[in-house]
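Right, one structure below, let's go through it.
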Amino acid sequence: MGYPFENHLQLIDHINSVKNCDRQSYTTMYNTVRDALLGRMCLVNATFEKLYKGSYPNNVRIRKPNEFDVLFVLEVPHSDELLIESDEYRPGFVNLNFDDVMEELANDEHLSYVYDELEENLLDRNIYLKRTNLQWWIHDIIEEVFERFGDRIGGMEVEYQKSSVAHTMYVNDGRLLFPKRISIDFVPAIQFGRASWLQKRNFYPFVGCSGTFYAVPKSFNATPKGRRGHSLTFLLVNPIAEYKLLLGKQNLKVALRLLKALRDCYRPSLRRLKSYFLVTMFLWQIRKRSESFWDEPVDIIFLEASIYK
């Protein structure tokens, strides 16, 4: 493919990319709301404060600088006792077995409040973390934040909406000459160390990159007929490894943005082609290809990715 195609792709990426002049003002709003909301959630719920360990942004966005995604990390005490079970019928998904964790917590008088919260509000049969229970628990904490502190943060009006995966905040700043509005998807992520079966199977693209993994409460829509446990599934992710693998590969990031933009042009027919799948495809490619491949022109990387099998 010659230079004209490369130039066209670069032009399309320039049109679709978030501009620095737009990014700064929206990012300031995002940082203010993120820090304030998560800080207030710690104030209204002692168990959340104990579990909360920080947050990670999702930085791969295209034309809309006013849409943000953030993972907020939760780690249970005695997390080394948390048993991560691979879901045999749902590749890339896991179940979180808290049986040994609860046994440890039952013997820890200083963490009895955490034990009670898990037993009463989060676990299924006092063993497995249930996805919907986790999400409604977080929903109730956020609702309490709004009841106690109101719907304004830093002079901005904030609206809350819960979905199956994310807790979305719509932020309106009407104090400016040109009012701005952003949305922030807050997604909980349960942190744990390396699960032994990841290394043994050697199928996951993150193996060898980072020992810290996360489980997010995303459902698996294509559950095999007759198989139970759908409500207990969590998607396995590793944002630290993603960052390390993508670091320094600028042309890869351009190709990823182009594929996302192409997908968006064909919605709703491609509505089920999630960004997660596109990123994972590139992560597999990184493990398979030499480092020099990612120095190839964007048109080569884009076409290779488009026909990936």
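The values are calculated or read from the model by the stated rules, or taken from the named source; none is laboratory data. Small disclaimer: the values here were computed from a predicted structure and weren't measured. All Cβ positions, even for glycine, are placed from backbone atoms using ideal geometry, and neighbour counts span all protein chains on display. Just the protein is used for accessible areas: all its heavy atoms, side chains included, with ligands, DNA and RNA removed. Shrake-Rupley method; radii C 1.70, N 1.55, O 1.52, S 1.80 Å.
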Please go through segment 84-133 and give me each residue that is in contact (Cβ under 8 Å) with a residue 12 or more places away in the chain, closer than 25 Å to residue 163 by Cα and open to solvent by 70 Å² or more (accessible area, probe 1.4 Å), ordered by number. 89, 119
Has segment 101-123 got any residue that is acidic (Asp, Glu) and over 23 Å from residue 78 (Cβ atoms)? no
Please work out if residue 277 is under 26 Å from residue 73 (Cα atoms), open to solvent by 60 Å² or more (accessible area, probe 1.4 Å) and either in contact with a His (Cβ under 6 Å, 6 or more places away or on another chain) or in a helix (DSSP H, G or I) (or both). yes
When you go through 143, 159 one by one, which is the residue that is closer than 20 Å to residue 187 by Cα, in contact with a Phe, Trp or Tyr (Cβ under 6 Å, 6 or more places away or on another chain) and open to solvent by 30 Å² or more (accessible area, probe 1.4 Å)? 159
Would you check which residues across segment 130-167 are part of a helix (DSSP H, G or I) and of a type in the set (S, T, N, Q) and list them? 132, 133, 135
So which residues in segment 93-147 are under 26 Å from the mean Cα position of the chain (by Cα) and of a type in the set (Lys, Arg)? 130, 131
The residue that is farthest from the chain's Cα centre (by Cα), considering only those in segment 162-174 that are open to solvent by less than 30 Å² (accessible area, probe 1.4 Å) and of a type outside the set (S, T, N, Q), is 173
